[in-house]
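Remarks on the structure that follows.
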């Protein structure tokens, strides 16, 4: 089975502030079958996200799956307080990049369907 990066199948991958001490990471899908497949693989977990960011799992304060919105949400502790000297992203809007490259197993069943995958970077 091959793997593809998350950015090729997710519609939106974003980050933003969640108060001065936290960042929120959102992954949204626009195809229910792909969303359900990703959810069933368990690839979007606290462990996977912690590994992507090179942090301990306990720094991920919450994780949610929203079926109605076909979305995953993770909240993690900011490495620096918002606006503190050395904070290079006061809005938290540039912290989503490690999520983009999480490897998702892509099975043969999905290969036979005509999905609009994003191009490789």
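The values are calculated or read from the model by the stated rules, or taken from the named source; none is laboratory data. Computed from a predicted structure; not experimentally measured. So basically every Cβ, Gly included, is an ideal-geometry build from the backbone, and we count neighbours across all protein chains shown.
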Point to revise | Odd one out for residue 81 among (1) surrounded by fewer than 17 Cβ atoms within 10 Å (Cβ to Cβ); (2) closer than 16 Å to residue 117 by Cβ; (3) touching a residue at least 60 places away in the same chain (Cβ under 8 Å) | key: (2)
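For (1) within 14 Å of residue 98 (Cα to Cα); (2) touching a strand residue (DSSP E or B) at 6+ places or on another chain (Cβ under 8 Å); (3) in a strand (DSSP E or B); (4) modelled with pLDDT of 95 or more, each residue gets a yes or a no:
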{"residue": "23", "(1), (2), (3), (4)": "yes, yes, yes, yes"}
{"residue": "34", "(1), (2), (3), (4)": "no, no, no, no"}
{"residue": "52", "(1), (2), (3), (4)": "yes, no, no, yes"}
{"residue": "55", "(1), (2), (3), (4)": "yes, yes, no, yes"}
{"residue": "58", "(1), (2), (3), (4)": "no, no, no, yes"}
{"residue": "72", "(1), (2), (3), (4)": "no, yes, yes, yes"}
{"residue": "76", "(1), (2), (3), (4)": "yes, yes, yes, yes"}
{"residue": "79", "(1), (2), (3), (4)": "no, no, no, no"}
Check your understanding: Taking interchain pairs and intrachain pairs at least six residues apart, which have beta carbon atoms under 6 angstrom, with the first residue in segment 90-108 and under 15 Å from residue 120 (Cα atoms) and the second in a loop (DSSP other than H, G, I, E, B)?
Key -> 104/43
Review point. Taking residue 62 and the conditions (1) outside any strand (DSSP E or B); (2) at pLDDT 95 or above; (3) in contact with a strand residue (DSSP E or B) (Cβ under 7 Å, 6 or more places away or on another chain); (4) loosely packed, with under 14 Cβ neighbours inside 10 Å, which numbered condition does it fall short on, given that it satisfies the others?
Key: (1)
Review point. Can residue 27 be described as at pLDDT 95 or above, closer than 23 Å to residue 119 by Cα, surrounded by fewer than 13 Cβ atoms within 10 Å (Cβ to Cβ) and touching a strand residue (DSSP E or B) at 6+ places or on another chain (Cβ under 9 Å)?
Key: no
Check your understanding: Can you name the condition, by its number, that residue 91 falls short on among (1) modelled with pLDDT of 95 or more; (2) surrounded by fewer than 17 Cβ atoms within 10 Å (Cβ to Cβ); (3) within 13 Å of residue 24 (Cβ to Cβ)?
Key -> (1)
